[in-house]
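None of the figures in this text is laboratory data; all of them are computed from the coordinates on show. None of these values were measured; they are calculated from a predicted model. Glycine gets a Cβ as well: all are built from the backbone with ideal geometry, and neighbour counts include every protein chain shown.
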Amino acid sequence: MALVRILVDGYSLLHAWRDLAPGKPRHSAVARDELVRQLTQYQDATGTPITVIFDGNRPPGGVPLEHSTREVEILYTKAGQTADQLIERATHRLAAFGEVLVVTNDHAERDTVSSVGGMTSDCENFIRTMDLARIELRGQVEGRNLKERNRFKRPR
């Protein structure tokens, strides 16, 4: 089965990714925006839709930089809900359409997701996967650019 969606526990990934938005609090809008930017780049490289879920209502004040799209969906839980609950429900519903990958460092959550048919990754492994995909995409773009430049070179 093909991978149909990646579900990310937003704050779990933010806390694990220390190099992301250095000097900014992990729950800050700047850190969330940078996470969404990185996930968007990964989605561009892989083509797999991503849903990132943050615990808690959207913080008040200011217009957030992140906007949901079909490719990268950004969700905030309602009062009384947790990201884990949304992830479990989404995994169960999406499993019928293909593989679902859940990214979290919560061991109990990974066990629950596995029991409803999802695949899991800890945050550190997913960060490495994202880095490798970015490097691979950069190499493909550079190779394509070189090929295009060479196509227009004429012998002297």
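Okay, here's what the table says:
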quantity: Semi-axis lengths (Å, descending) of the ellipsoid that matches the C-alpha gyration tensor of segment 68-156; calculated: 40, 15, 13
quantity: Directionally averaged projected area (convex hull, Cα atoms, segment 1-49), nm²; calculated: 3.6
quantity: Interchain or long-range residues, amide H under 5 Å from Val102's placed H; calculated: Leu7, Met119, Thr120, Ser121
quantity: Volume of the Cα convex hull of the chain, divided per residue and given in Å³; calculated: 152
quantity: Note, ³J(HN,Hα) from phi for segment 23-39, Karplus 6.51, -1.76, 1.60, rounded to Hz, x at Gly and Pro; calculated: x, 9, x, 4, 9, 6, 4, 4, 5, 4, 4, 5, 4, 4, 4, 5, 5
quantity: Sequence-distant lysines (8 or more away, or on other chains) whose Cα lies within less than 30 Å of Lys24; calculated: Lys78
quantity: Positive-end residue of Asn105, Asn150, Ala133, charge dipole of segment 3-151 with Cβ unit charges; calculated: Asn150
quantity: Segment 3-151, dipole about Cα centre (Lys/Arg Cβ +1, Asp/Glu Cβ -1), debye to the nearest 20; calculated: 540
quantity: Distant-in-sequence amide H partners of Glu73 (H built 1.01 Å from N, under 5 Å); calculated: Ile50, Thr51, Val52
